[in-house]
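*Asks:* Pasting a structure below so you can have a look.
The values are calculated or read from the model by the stated rules, or taken from the named source; none is laboratory data. Fair warning: this is a prediction, and the values are worked out from it, not measured in the lab. Quick reminder, even Gly has a Cβ in these numbers, built from the backbone with ideal geometry, and neighbours come from all protein chains shown.
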Amino acid sequence: MRHDAQIKAMVKEIGRSSVNVSLCKSIITARKTLTREFGSLCSDPASDMLLDLYRRENQGLKTSLTSLWRATPASEMTARHCLAVMEERGDFHHTRWST
């Protein structure tokens, strides 16, 4: 069975958002395996953070900046820089939570 046929069947059965979150979790797991095997050679902090943000938002979870920084094996400074660039580009926007 072709992969796209499997995905279409899953979408029909459980909904697109659920399939996308499952796929996202699989990608995150694969990226963590790459990092474990090859270290920073395969590092892409922006993608790591965007995948984690997508997964968390689709599960209805709030995401702190600290959580995003932890989504990547890159240093906190690199993660902060990536987030600043993504926000400058309009890829995402963060707001302060009321306590």
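*Asks:* Test of understanding: among Asp52, Asp91, Asp44, which residue is out of contact with any Gly (no Cβ under 7 Å at 6 or more places or on another chain), crowded, with 18+ Cβ neighbours inside 10 Å, within 22 Å of Lys25 (Cα to Cα) and not small (Gly, Ala, Ser)?
*Replies:* It is Asp52.
*Asks:* Can you name the residue in the range 57-91 that is assigned to a helix (DSSP H, G or I) and of a type in the set (S, T, N, Q) and, of all such residues, is farthest from the chain's Cα centre (by Cα)?
*Replies:* Filtering the range 57-91 for residues that are assigned to a helix (DSSP H, G or I) and of a type in the set (S, T, N, Q), the one farthest from the chain's Cα centre (by Cα) comes out as Thr78.
*Asks:* Further question: Please enumerate the residues belonging to the range 58-99 that are touching a helix residue (DSSP H, G or I) at 6+ places or on another chain (Cβ under 6 Å) and among the aromatic types (Phe, Trp, Tyr).
*Replies:* Trp69, Phe92, listed by residue number.
*Asks:* What pairs come out if I take residues in the range 65-76 that are surrounded by fewer than 18 Cβ atoms within 10 Å (Cβ to Cβ) and pair them with residues that are among the aromatic types (Phe, Trp, Tyr) whose C-beta lies under 8 Å away, six or more apart or interchain?
*Replies:* Every condition considered, the pairs that remain are Glu76/Trp69.
*Asks:* Has the range 40-56 got any residue that is assigned to a loop (DSSP other than H, G, I, E, B), within 15 Å of the chain's Cα centre (by Cα) and modelled with pLDDT of 85 or more?
*Replies:* Checked the range 40-56: at least one residue is assigned to a loop (DSSP other than H, G, I, E, B), within 15 Å of the chain's Cα centre (by Cα) and modelled with pLDDT of 85 or more.
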